Amino acid sequence: MPALGEETVPPDEAAMIARLVEQNLALLNVDERPVRRGQHPKHHGCVRAEFIVEPDLPAEFRHGLFASPRRYDALIRFSNGESRDDRRADAHGMAIKLFDVPGEKLLGEGTTHDFILLDHPIFFIRNVEDYVGLFDALLAARRSILPKLAFFLPRLIAEIGHVYVTYLRKKPHELDILLDTVGKKPKTPLQEYWSTTPYLLGPQVVRWSARPAMPLPTLPQMTKSPDLLRHALAAQLDAGEVSFDFMAQVQSDAEKMPIEDPTIRWDEKLSPPRKVATLRLPKQRPDGVPLMEFCEHLSFNPWRCLPEHRPLGGINRARKDIYDKVSRKRHELNGVPVGEPSLEEFLRLHEVGRV
Ligand code: HEM
């Protein structure tokens, strides 16, 4: 039984991760321009934000970003997991980038720091080995069944059907989570998100989450547009400021709150999430053309972080190389340099959007 915070690395994991890199590269649709992300391809806005560390955190939380009360400028990319049409059920992402964070990061040399969250508290794959199996099934689905079914069924459903027959039928726990994860039809991107995987917070291990903190501005009467999440976000941020509570749930039981299995929910009764920061989204227009293009060419990576917040567990170990290599390939195909943005550049585009 591993201790609190202890990772267990299978001996053949590195080879499996190398295989996952290849599989993820194969998911890029190289025929379109720009080449979009293989996962989370569509975003709803490129949002300006502030990340304000809570004052008076207990000593065990005061590490890394949370060492002392301060504010960081930030941006947020809200995305769909797969679909280009917001009317379809899907998973959704909230990728947060903090600017001007001093100190060496575990990836790259810049001063940015990333958090990547999903609108479901758990992930549908336990470990790297299972991910390889799932991807084999997914790529086989794309090769074989799509040309025949794509006219009749939404792409995702056709793929899931095929992957079910070939793989997920044997994994009912994961299948339940997958269906819950991709079955969501939120009316706005301003909803609750979770990291699903664990991270260090100094000497302790946590899962991150973010939840809207105040009653949100009323949603306008929405048309049934394929871009309805973008319209909802723009309307709500035009109506006024919004804020999220950024939370950390501490691992307090090594067995019931495992490091190596993100399919297990960490019980909030065992360890209630604690607010560690406020994410403030001021009134703004987040979806002008230059801003949307700017977010298109960003890269997020859970390893772009301070060592005090190191990602833990097999799924996170895999993501370091996968996100990095896939993003580099995407940028190369688009003829765009890879690199971290500066705050000045981002704020300038927001000023342009204001005119
Ligand atoms: C081994 C497991 C995983 C693999 C292989 C994977 C793969 C990827 C890839 C290839 C991208 C696009 C990277 C780019 O082109 O810049 C991506 C983006 C993303 N992933 Fe994952 N992912 C995994 C696990 C997770 C988990 C556990 C979460 C939960 C938070 C997650 C949430 C996201 C989100 C929100 C984005 C969009 C980031 C953005 O806005 O650019 N992924 N993923």
Worksheet entry | Every pair of residues 6+ apart whose Cβ atoms lie under 6 Å, when the first sits in region 84-101 and is over 11 Å from L228 (Cα atoms) while the second is within 12 Å of the ligand (Cβ to nearest atom) and among the β-branched types (V, I, T) | A91/T181; A95/I116; I96/I76
Worksheet entry | Residue in region 33-59 that is surrounded by the most Cβ atoms within 10 Å (Cβ to Cβ), counting only those that are closer than 17 Å to T278 by Cβ and β-branched (V, I, T) | V47
Worksheet item: Here is a list of conditions, (1) within 18 Å of the chain's Cα centre (by Cα); (2) within 16 Å of the ligand (Cβ to nearest atom), and F51 meets all of them except one; can you say which number that is?
Response: (2)
Worksheet, complete the sentence: For region 39-68, the count of residues that are over 12 Å from S79 (Cβ atoms) and in a loop (DSSP other than H, G, I, E, B) equals 9
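Let's see how each residue does on (1) within 22 Å of P203 (Cα to Cα); (2) of a type in the set (K, R):
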residue: G288; (1), (2): no, no
residue: C305; (1), (2): yes, no
residue: E308; (1), (2): yes, no
residue: P311; (1), (2): yes, no
residue: G314; (1), (2): yes, no
residue: I322; (1), (2): no, no
residue: R330; (1), (2): no, yes
residue: V336; (1), (2): no, no
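Rundown of residues vs (1) within 18 Å of W266 (Cβ to Cβ); (2) touching a strand residue (DSSP E or B) at 6+ places or on another chain (Cβ under 9 Å); (3) modelled with pLDDT of 85 or more, yes/no style:
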site: P154; (1), (2), (3): no, no, no
site: E159; (1), (2), (3): no, no, no
site: V163; (1), (2), (3): no, no, no
site: E174; (1), (2), (3): yes, no, yes
site: T181; (1), (2), (3): yes, yes, yes
site: K187; (1), (2), (3): no, no, yes
site: W194; (1), (2), (3): yes, yes, yes
site: L201; (1), (2), (3): yes, yes, yes
site: A210; (1), (2), (3): yes, yes, yes
Fill in: Matching residues, region 107-123, being in contact with a Lys or Arg (Cβ under 6 Å, 6 or more places away or on another chain) and among the hydrophobic types (A, V, I, L, M, F, W, C)
L107, I122
Discussion item. A59 - would you say it is without any contact (Cβ under 8 Å) to a residue 40 or more places away in the chain and within 16 Å of the ligand (Cβ to nearest atom)?
Written reply: no
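The values are calculated or read from the model by the stated rules, or taken from the named source; none is laboratory data. The model shown is predicted, which means the values in this text are computed figures rather than measured ones. Neighbour counts are summed over all protein chains in view; Cβ atoms, including those assigned to glycine, are modelled from backbone coordinates with ideal geometry.
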